[in-house]
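Asker: Starting off with a structure, shown below.
Quick note: the coordinates plus some simple rules give every number you see, no bench work behind them. In this text the structure is predicted, and so the values were computed from the model without any measurement. FYI the Cβ positions are ideal-geometry reconstructions off the backbone, even for glycines, and counts take in every protein chain you see.
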Amino acid sequence: MDEPVKKDKSRNTTKPKAKMKKTSYKSFVNEIFDGSFMTKDALRRNIKLILLIVACIFVYISNHYAVIMSLSEIDTLQKELTDVKYDALTISSELMRESRQSFIRDKVNERGLGLEDSMTPPYTIAKEK
């Protein structure tokens, strides 16, 4: 009469947990070297992102190269500017030396022109109205 109640094992109310695939660093490196990572869905789903990252890397490298070339050109131009400033200073000092009265007097005497310094100071001529 009384039959023991059988438990139905087919109605399991707890769902089995999805097994997380744990990949170690070594297996990831092996997948990269043997090329099997390229066949996975994750790569196919993220190919646009990967291409965007690669394009950004190329832009970064080319920008860095352009900056280095610009800095090199700036350094060269600064050295050239310093040289030109020194040349201008040298020429200016030579002009000042050659325009002194004593230098001019020595050159006149050296060439034998027979000119002498004026002993009377210069004066202005006033025009009458």
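Asker: Considering each of 73, 31 in turn, give the residue that is of a type outside the set (Ser, Thr, Tyr) and touching a helix residue (DSSP H, G or I) at 6+ places or on another chain (Cβ under 6 Å).
Answerer: Exactly one of 73, 31 is of a type outside the set (Ser, Thr, Tyr) and touching a helix residue (DSSP H, G or I) at 6+ places or on another chain (Cβ under 6 Å), namely 31.
Asker: Next question, about the same structure. Need at least 2 residues that are basic (Lys, Arg) per element, so show me which helices (runs of 4 or more DSSP H) inside segment 25-129 make the cut, counting only ones lying wholly within it.
Answerer: 41-45, 47-98, 101-111
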